[in-house]
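Some notes on the structure that comes next.
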Amino acid sequence: MLDDEIEALLDAIENSTRREILRELTSYSSYATELSRLVGVSQQAINKHLFLLERANLIRLVEDVDNSRKKVYIPSGSSSLIIDYSRNFFTVTKKDIYEGSKDSAEIDPKSSLIDQLRDVEKRIDSITDERMELLRLKDKIMEKIHSRLNLHPLDPISRKIITEYIESLDVDRTAEIVGMPPALVEHILSLNNLKEILSNHA
């Protein structure tokens with residue numbers, strides 16, 4: 001389940017030593033003993049950190065290209081972990097960088113790599129600024145939604161379903177979380193006149 005993947009990922013990266021191990025491995029593959037020296041922890045400690053990183057599918061063991069009898073650690077997978085929180089919402093999202101993509105991004109052979117990297121970082125910053133503006137708008141919308149819902153008496157089950165639905169805007173996802181059939185979730189949403197409660201004219 002996605003929630004389990006996120007939990008394992010958060011457990012793995014909450015530790016500064018494990019983050020340092022990941023940073024080292026994105027530059028070059030390495031042995032456990034070498035990583036122990038680079039990040040300044042004991043062999044016993046490095047083995048524990050490596051185990052947790054492997055469990056979260058952030059690293060894996062492969063054959064050393066220079067010595068097939070030895071194994072080295074390399075990063076595995078490629079994801080974006082997004083945590084958004086405000087006074088009115090809290091969401092954690094994990095997306096695979098290449099999932100559902102045709103990977104149309106291409107390196108320009110006529111431009112230097114450092115210039116292309118600067119351009120990519122600038123574009124990412126621009127998108128992030130736009131995203132922050134949208135999150136500010138979301139916060140205002142969610143504040144109004146919570147105010148509207150507080151004006152309407154709801155039984156605990158209906159409140160749970162409505163709260164989860166507002167978080168995901170997905171009936172199937174809501175049904176999975178609350179452990180009910182999607183048809184029943186839709187019926188309860190309809191029964192509570194959610195659209196009417198949250199209309200701009202309410």
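The values are calculated or read from the model by the stated rules, or taken from the named source; none is laboratory data. Note that the coordinates shown come from a computational prediction; the quantities given were computed from them, not determined experimentally. Reconstructed Cβ throughout: ideal geometry from the backbone, glycine too, with neighbour counts over all protein chains shown.
Restricting attention to segment 23-45, the residues that are of a type in the set (A, V, I, L, M) and either touching a strand residue (DSSP E or B) at 6+ places or on another chain (Cβ under 6 Å) or within 10 Å of TYR73 (Cβ to Cβ) (or both) add up to 3.
Just to be sure, is ALA175 small (Gly, Ala, Ser) and touching a Pro at 6+ places or on another chain (Cβ under 9 Å)? Criteria met by ALA175.
Would you confirm whether any residue within segment 114-121 is surrounded by 10 or more Cβ atoms within 10 Å (Cβ to Cβ) and polar (S, T, N, Q)? Checked segment 114-121: at least one residue is surrounded by 10 or more Cβ atoms within 10 Å (Cβ to Cβ) and polar (S, T, N, Q).
Candidates are the residues of segment 68-87 that are in contact with a Ser or Thr (Cβ under 8 Å, 6 or more places away or on another chain) and over 30 Å from ILE145 (Cα atoms); the one that is surrounded by the fewest Cβ atoms within 10 Å (Cβ to Cβ) is ILE74. Scanning segment 143-174 for residues that are touching a residue at least 60 places away in the same chain (Cβ under 8 Å) and under 14 Å from LEU191 (Cβ atoms) gives no hits.
Residue-by-condition table, conditions (1) assigned to a loop (DSSP other than H, G, I, E, B); (2) assigned by TED's automatic domain parsing to the domain that holds LEU22; (3) in contact with an Asp or Glu (Cβ under 8 Å, 6 or more places away or on another chain); (4) modelled with pLDDT of 90 or more:
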{"site": "ARG87", "(1), (2), (3), (4)": "yes, no, yes, yes"}
{"site": "LYS94", "(1), (2), (3), (4)": "no, no, yes, no"}
{"site": "ASP103", "(1), (2), (3), (4)": "yes, no, no, no"}
{"site": "GLU106", "(1), (2), (3), (4)": "yes, no, no, no"}
{"site": "ILE114", "(1), (2), (3), (4)": "no, no, no, yes"}
{"site": "LEU117", "(1), (2), (3), (4)": "no, no, no, yes"}
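Exactly one residue out of ILE141, ILE161 is β-branched (Val, Ile, Thr), touching a helix residue (DSSP H, G or I) at 6+ places or on another chain (Cβ under 6 Å) and closer than 30 Å to ILE197 by Cα, and it is ILE161. Can you name every residue in segment 58-77 that is farther than 19 Å from GLU20 by Cβ and among the small types (Gly, Ala, Ser)? Scanning segment 58-77 gives a single hit, SER68.
Only residues that are of a type in the set (Gly, Ala, Ser), within 22 Å of ALA8 (Cβ to Cβ) and surrounded by 14 or more Cβ atoms within 10 Å (Cβ to Cβ) were counted in segment 31-67, giving 2.
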